[in-house]
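Remarks on the structure that follows.
Since every read-out is calculated from the coordinates, none of them should be taken as a lab result. Everything quoted here is computed from the prediction, not taken from an experiment. As a convention, Cβ positions derive from the backbone with ideal geometry for all residues, glycine included, and neighbour counts pool all protein chains shown.
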Amino acid sequence: MLKIGITGGIGSGKSVVCRLFATLGAPVYDSDTRAKWVMTNDDQLRDELRAAFGPDTFDDLGHLNRTYLARVVFADPGQLGRLNALVHPAVGRDFAQWAAARQAEGHRYILKEAALLYESGAYQQLDEIITVFAPVEVRQARILTRDPHRTPDDIQNIIGKQMSEEEKMQRANHVVYNDDAHLLIPQVLKLHETYAQ
Ligand SMILES: CC(C)(COP(=O)(O)OP(=O)(O)OC[C@H]1O[C@@H](n2cnc3c(N)ncnc32)[C@H](O)[C@@H]1O)[C@@H](O)C(=O)NCCC(=O)NCCS
Ligand SMILES: Nc1ncnc2c1ncn2[C@@H]1O[C@H](COP(=O)(O)OP(=O)(O)OP(=O)(O)O)[C@@H](O)[C@H]1O
């Protein structure tokens, strides 16, 4: 079973590309969603997060306080490094378990979607990487529509904490172009045909 990573900066279109693969039958591991699940449900990680970032990390109902945590970590590289060091190994373990279960089901290939495949070291668990590319002004505009709570400065700040698109494209095995000049579906179909045979 091939393990394929899908990466790309904030708002590049990873989730949209993954939805297309999913309609073709490919199982998709969504690292952002799973990271939040693990942060909330792994008792040891919860304790570590509360110790590192204080009581406001979780609300009274035990939900992760994402707004608080985003404010703390995206304002301070040291705090972001601390969060990553706690969360990324736990996500790596969760992915390994998930992938083993998909292998037992007999899938030809699976996908792992993550904004930070290279930065987190997760690429080492994968056979091939696809980078989804869209120009930064297109991403800005799409995110402002998708996430009304983020300002252009917030988005620029997050982009500044991610590896450049040029480097991700250079390191990837394949690039999917999600700008206004290319169609997505034929690009995804072509990759699916390669992986599924
Ligand atoms: C800080 C948190 C709580 C903020 O949550 P929030 O819902 O506001 O934002 P969301 O998760 O949608 O992230 C917004 C965008 O920021 C970028 N981003 C997320 N985490 C990071 C990070 N550690 N470093 C750089 N960029 C990041 C991604 O492109 C993402 O799409 C959340 O991002 C988080 O828990 N991050 C740590 C886990 C992580 O690294 N996830 C990314 C892949 S595993
Ligand atoms: N080709 C496209 N045409 C129009 N809108 C698009 C296109 N691709 C993506 N979008 C929209 O842009 C936004 C960002 O796309 P998506 O959520 O897939 O990005 P992402 O890379 O997963 O982002 P993040 O890193 O924040 O999770 C979404 O609202 C999505 O519907």
Open item on the list: Can you tell me the orientation of helix 43-53 relative to the chain, as the angle in degrees between its alpha-carbon axis and the longest Cα principal axis, to the nearest 10?
Closed with: 60 degrees
Task: Cut-off under 5 Å, modelled amide H: who pairs with I129 long-range - done: G5, N173, H174
TODO: Mind running the shape call on segment 1-151? Use the C-alpha gyration tensor, a ≥ b ≥ c as the square roots of the eigenvalues: rounded below 1.5 for a/c, prolate if a/b tops b/c, oblate otherwise.
DONE: oblate
Open item on the list: Please state the shape class of segment 64-197: rounded when a/c is under 1.5, otherwise prolate if a/b exceeds b/c and oblate if not, all from the C-alpha gyration tensor.
Closed with: oblate
- [ ] Work the Kirkwood hydrodynamic radius out for segment 155-197: mean of 1/r over every pair of different alpha-carbon atoms, inverted, in Å.
- [x] 12.4 Å
Task: Cα-based helix-to-principal-axis angle, 77-104 vs the chain, degrees rounded to 10 - done: 50 degrees
Task: Inter-probe distance in nm under a simple model that places probes 7 Å from Cα toward Cβ, at M1 and A51 - done: 3.4 nm
Open item on the list: How tilted is helix 31-41 with respect to the longest principal axis of the chain? Cα atoms for both, answer in degrees (0 to 90, nearest 10).
Closed with: 40 degrees
- [ ] Using amide H atoms built 1.01 Å from N in the peptide plane, name the residues 5+ places from Y29, or on other chains, whose amide H lies under 5 Å from its own.
- [x] L111, K112, E113
